[in-house]
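*Asks:* Just passing along the structure, written as structure tokens.
Nothing in this text is a laboratory measurement; each read-out follows from the coordinates by a stated rule. Because the structure is predicted, anything quoted here is derived from the model rather than measured. Note: ideal-geometry Cβ built from the backbone for every residue, glycine included; neighbour counts use all protein chains shown.
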Amino acid sequence: MKQDTPKGLGPVVQIDQERIKKHLGELVRGSVEETLNALLEAEADQLCQASRYERSAARVDTRAGHYQRKMHPKAGEVTLVVPKLRRVPFETAIIECARRQPPSLWSTRR
């Protein structure tokens, strides 16, 4: 029995490793950005003693918006959404820890 297979048929499945690396890098970068922003929000909630929009007698401060700051960790450029508070200074351990890193980690653009 003879099979009818073309002789010039190359690999049927091709894997583009560069594309996979780029996609995985973007997933890691997005995960880092999401985690850092969640930590900033949690720290602001702890300082205010209430979450955003929550009515509470124990509330110490209220939000006054946020500002964005770009950071360049090994995972790639991430945009941090840093909360502003009205009365209590928002001094986060996340940004203070990162400031000890080389100046190339931070972007001057906002």
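*Asks:* Taking Cα centroids, how far is region 16-34 from region 40-71 in Å?
*Replies:* 30
*Asks:* Another question about this same structure. State the Kirkwood hydrodynamic radius of region 17-105 in Å, one decimal place, computed from all pairs of distinct Cα atoms.
*Replies:* One decimal place: 14.5 Å for the Kirkwood radius.
*Asks:* Using a 10 Å cut-off on Cβ atoms, rank the peptides 43-51, 30-38 from the highest mean neighbour count down.
*Replies:* Details: 43-51: 17.0, 30-38: 14.7.
Taking the mean over residues of other Cβ atoms within 10 Å, the ranking is 43-51, 30-38.
*Asks:* When only DSSP loop residues count, what trypsin sites (Lys or Arg not before Pro) in region 20-103 have their Cβ near at most 15 other Cβ atoms within 10 Å?
*Replies:* Qualifying residues, ordered by number: Arg52, Arg55, Arg59, Lys74, Arg86, Arg87, Arg100.
*Asks:* Just name one of Ala64, Leu39, Val82: the one whose Cα is farthest towards the positive end of the charge dipole of region 17-98 (beta-carbon charges, Lys/Arg +1, Asp/Glu -1).
*Replies:* Highest projection toward the positive end goes to Ala64.
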